[in-house]
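Asker: Dumping the structure here so I can ask a few things about it.
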Amino acid sequence: MRDFELMACQASVYTADGGLEVARLLRDLMPALVERFATEPQVVSHPASPYPRILLRSATGMWRCEIAADRTDFYWLRPEIRSPAPAVVDFYQVAAGVLAHYAEVSRSRISRLASVVKRLAAHPTPALASAEHFVRPDLASAAFHGVETFELHRHHSHALDRFVVNAWVRWRAQPDGTIGLEQDLNTLAEHAMSQHFTLDDVAAFFGHAARDHERVAQHYFPPR
């Protein structure tokens, strides 16, 4: 139950009132990113916006960036379980630099920030093991006997240093023999209309988010 592997990390900035000048953005943004995103950028239509999206990816597909007028998402994705993974704090340090550079080049107002970490573990009886981990032993052995799937969603809002965030944890045990643990921190949507995060805020948020992701994951597996 402790053998979770890091599968994906995502860092996002929301720019709801922005536009997207594709030619200028590619000209000014790509010189700093060309080493990481060596493949040709793709410009594709956006299903919900008159502005297109810009898709960047590394040759391995491990690193991705999706840029749109309303938000930009930066990802690390594990292509297979044997591939090496960065430390969570290292990913968010890189992400903060990439997204801050994007915000500076695009001159966009950043109205929200979000951070998502996904982990995966293999287990021969994932649902039963999850029930035994979270539920009273008498219920786990009786009410959850023969269980095939198990999901736990936890949400609360709290202060993350100077940021107020929604904090989600989603635990999913599946019949395929896996347990997924997803952690999501995002600033409040109801503050987006008046919020203007600075470049320093971007760096601070992702630094705090990385440490909080690690801290909360440890709560689910306290030292024995």
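The values are calculated or read from the model by the stated rules, or taken from the named source; none is laboratory data. Keep in mind that this is a model prediction, so the values were computed, not measured. Neighbour counts run over all protein chains shown; Cβ positions are idealised from the backbone, glycine included.
Quick grid of which residues meet (1) in contact with a Leu (Cβ under 9 Å, 6 or more places away or on another chain); (2) more than 29 Å from residue 83 (Cβ to Cβ); (3) at pLDDT 85 or above:
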residue	(1), (2), (3)
105	yes, yes, yes
109	no, yes, yes
113	yes, no, yes
119	yes, no, yes
137	no, yes, no
152	no, no, yes
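Asker: Only one residue in 52, 79 is crowded, with 16+ Cβ neighbours inside 10 Å and farther than 23 Å from residue 197 by Cα. Which one? Please lay out each step first, then the result.
Answerer: Values: 79 fails: crowded, with 16+ Cβ neighbours inside 10 Å.
Being crowded, with 16+ Cβ neighbours inside 10 Å and farther than 23 Å from residue 197 by Cα holds for just one of 52, 79, which is 52.
Asker: Also: Pick out the one residue from 100, 121 that is surrounded by 19 or more Cβ atoms within 10 Å (Cβ to Cβ) and either of a type in the set (Phe, Trp, Tyr) or touching a residue at least 40 places away in the same chain (Cβ under 8 Å) (or both).
Answerer: Working: 121 fails: surrounded by 19 or more Cβ atoms within 10 Å (Cβ to Cβ).
100 is the lone residue from the list that is surrounded by 19 or more Cβ atoms within 10 Å (Cβ to Cβ) and either of a type in the set (Phe, Trp, Tyr) or touching a residue at least 40 places away in the same chain (Cβ under 8 Å) (or both).
Matching residues to (1) surrounded by fewer than 11 Cβ atoms within 10 Å (Cβ to Cβ); (2) within 17 Å of the chain's Cα centre (by Cα); (3) among the basic types (Lys, Arg); (4) part of a helix (DSSP H, G or I):
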{"residue": "127", "(1), (2), (3), (4)": "no, no, no, yes"}
{"residue": "133", "(1), (2), (3), (4)": "no, no, no, yes"}
{"residue": "138", "(1), (2), (3), (4)": "yes, no, no, yes"}
{"residue": "144", "(1), (2), (3), (4)": "no, no, no, no"}
{"residue": "151", "(1), (2), (3), (4)": "no, no, no, no"}
{"residue": "165", "(1), (2), (3), (4)": "no, yes, no, no"}
{"residue": "169", "(1), (2), (3), (4)": "no, yes, no, no"}
{"residue": "172", "(1), (2), (3), (4)": "no, yes, yes, no"}
{"residue": "176", "(1), (2), (3), (4)": "yes, no, no, no"}
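Asker: Answer yes or no as to whether residue 64 is out of contact with any strand residue (DSSP E or B) (no Cβ under 9 Å at 6 or more places or on another chain) and within 27 Å of residue 198 (Cβ to Cβ).
Answerer: Values: out of contact with any strand residue (DSSP E or B) (no Cβ under 9 Å at 6 or more places or on another chain): no; within 27 Å of residue 198 (Cβ to Cβ): yes.
It is false that residue 64 is out of contact with any strand residue (DSSP E or B) (no Cβ under 9 Å at 6 or more places or on another chain) and within 27 Å of residue 198 (Cβ to Cβ).
Asker: Given the residues 157, 194, which is the only one that is in contact (Cβ under 8 Å) with a residue 24 or more places away in the chain, among the small types (Gly, Ala, Ser) and either outside any strand (DSSP E or B) or under 28 Å from residue 100 (Cβ atoms) (or both)?
Answerer: Working: 194 fails: in contact (Cβ under 8 Å) with a residue 24 or more places away in the chain.
None of the others qualify; the one that does is 157.
Asker: Here's a follow-up. Out of 34, 105, 44, report the one residue that is in contact (Cβ under 8 Å) with a residue 60 or more places away in the chain and either surrounded by fewer than 19 Cβ atoms within 10 Å (Cβ to Cβ) or in contact with a Lys or Arg (Cβ under 6 Å, 6 or more places away or on another chain) (or both). Working first, answer last.
Answerer: Values: 34 fails: in contact (Cβ under 8 Å) with a residue 60 or more places away in the chain; 44 fails: in contact (Cβ under 8 Å) with a residue 60 or more places away in the chain.
Result: 105 is the single residue among 34, 105, 44 that is in contact (Cβ under 8 Å) with a residue 60 or more places away in the chain and either surrounded by fewer than 19 Cβ atoms within 10 Å (Cβ to Cβ) or in contact with a Lys or Arg (Cβ under 6 Å, 6 or more places away or on another chain) (or both).
Asker: So is residue 80 free of Cβ contacts under 8 Å to residues at least 24 places away in the same chain, under 24 Å from residue 213 (Cβ atoms), of a type in the set (Asp, Glu) and not in a loop (DSSP other than H, G, I, E, B) or not? Step through it out loud before you land on a result.
Answerer: Working: free of Cβ contacts under 8 Å to residues at least 24 places away in the same chain: yes; under 24 Å from residue 213 (Cβ atoms): yes; of a type in the set (Asp, Glu): yes; not in a loop (DSSP other than H, G, I, E, B): no.
No; evaluated as a whole, the condition is false for this residue.
Asker: While we're on this one: I'd like to know if segment 198-221 contains one or more residues that are loosely packed, with under 11 Cβ neighbours inside 10 Å and not in a helix (DSSP H, G or I). Walk me through it before giving the result.
Answerer: In the first step, residues of segment 198-221 are kept if they are loosely packed, with under 11 Cβ neighbours inside 10 Å; the result is 200, 215, 218-219.
Imposing the further condition that a residue be not in a helix (DSSP H, G or I) reduces the set to none.
So far as segment 198-221 goes, no, none of its residues is loosely packed, with under 11 Cβ neighbours inside 10 Å and not in a helix (DSSP H, G or I).
Here's the yes/no breakdown for (1) in contact with a helix residue (DSSP H, G or I) (Cβ under 6 Å, 6 or more places away or on another chain); (2) basic (Lys, Arg); (3) closer than 18 Å to residue 8 by Cα:
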residue: 123; (1), (2), (3): yes, no, no
residue: 131; (1), (2), (3): yes, no, no
residue: 134; (1), (2), (3): no, no, no
residue: 148; (1), (2), (3): yes, no, no
residue: 173; (1), (2), (3): yes, no, yes
residue: 187; (1), (2), (3): no, no, no
residue: 199; (1), (2), (3): yes, no, no
residue: 212; (1), (2), (3): no, no, yes
